[in-house]
Amino acid sequence: MSKENFDQKVAVLNTIAPNEVKMPNMPIDAMLQEAENLFIWASEDKMTLTNNSGLDWAQYGVDLPIRAGALRHAQSIWISERYSQEEANKTWKLESPKAYQLRDDLLDDFRYAFRKRPDLISRVRQIANGRGDANMIQDLSDLSILGKSNPEELTVSKFKIEKLDQAAKYSNDMAELLAKANGAIQENSVAKFIRDKAFTHLKEAVDEVRAAGKYVFKNNPERFKGYISRYNRK
């Protein structure tokens, strides 16, 4: 049901301007529970609210559970993406030392095998320059290509040619892994932005219904209390 709510609301969410998006000011699960509670509470007062405050019940009241469902699904998507990114970050920390070691081993192998080839040694020096994860990934690719283009000297030095395929595979795999891992520290992901839009959309309805309820029932404590946020009251 939440996915259907999200699909129903995605076009509306996309129309919310970036400067109108509100960051969640409470845990999402608390917001969802309060919205659902408010819908049940306010439904009992529907006629009183619409007759005495002008609240558009169709736009805000009836829409409350739909907006809540959209937020629930958007939150699930973001959590799933964030989990995937965090897992990639953990895997990167485990695998990257192996990739760096392979790169360093290949550089040593090539320096020995190509020691009588100034042209190739110059290329090895160029590859060895530079620092950083992205550079290491490119080095593995460059070393693989350089080795496959000059197999004679490597064969003579008893170099294990299969290491070149290993380097190419590591380069591809680590590039993909690094992209995912970097996403773990990015707070501007599309999934999070949509989640924040869904929160903003739900909050609009919650605020409207609460404002109407507090106004209409300002002299009725028993009904008034249902329009107060328990989370904020704590």
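The values are calculated or read from the model by the stated rules, or taken from the named source; none is laboratory data. Just so we're clear, the structure is a prediction, and the values are computed from it rather than from any experiment. When we count neighbours, we look across all protein chains shown, and the Cβ atoms used for this are built from the backbone with ideal geometry, even at glycine. What goes into the accessible areas is simple: the full protein's heavy atoms, side chains included, and nothing from ligands, DNA or RNA. Shrake-Rupley method; radii C 1.70, N 1.55, O 1.52, S 1.80 Å.
For the cross-link pairs Lys9/Lys90; Lys116/Lys160; Lys90/Lys160; Lys98/Lys160; Lys116/Lys148; Lys180/Lys203, which exceed 27 Å when the distance is taken from alpha carbon to alpha carbon?
Lys9/Lys90; Lys90/Lys160; Lys180/Lys203
Over the chain, average the accessible area per residue using a 1.4 Å probe and give it in Å², no decimals. Before the final figure, lay out the partial values.
On the way: 13370 Å² over 234 residues.
About 57 Å² of surface per residue is accessible.
Hey, can you rank 14-25, 62-73 by average C-beta count inside 10 Å, highest first?
Final packing ranking: 62-73, 14-25.
For the chain, what percent of Cα pairs sit more than 23 Å apart?
Result: 63 percent of Cα pairs exceed 23 Å.
With a ≥ b ≥ c the root eigenvalues of the C-alpha gyration tensor of segment 1-136, is it rounded (a/c under 1.5), prolate (a/b larger than b/c) or oblate?
In terms of gyration-tensor shape, prolate.
Could you work out how far helix 118-128 tilts from the main Cα principal axis of the chain, as a 0 to 90 degree angle to the nearest 10?
For helix 118-128, the angle is close to 20 degrees.
If only Cα atoms are counted, what is the Rg of segment 138-217, and what is its Dmax, in Å?
Taking only Cα atoms of segment 138-217, I get Rg and Dmax of 27.6, 91 Å.
Using only Cα atoms and rounding to the nearest 10 degrees, what angle (0 to 90) does helix 28-43 make with the longest principal axis of the chain?
The angle comes out near 20 degrees.
Can you work out D for segment 35-113 in µm² s⁻¹ from Stokes-Einstein, where Rh is the Kirkwood radius over C-alpha pairs, the temperature is 25 °C and the viscosity is 0.890 mPa s?
It comes out at roughly 140 µm²/s.
For the chain, take the longest principal axis of its alpha carbons; what is the angle in degrees between that and the long axis of helix 2-14, to the nearest 10 within 0 to 90?
90
How big is the gap, in Å, between the Cα center of segment 1-30 and the Cα center of segment 154-179?
45
Between Rg and the Kirkwood Rh of segment 103-168, both from Cα atoms, what is the Rg to Rh ratio?
Here the Rg-to-Rh quotient is 0.93.
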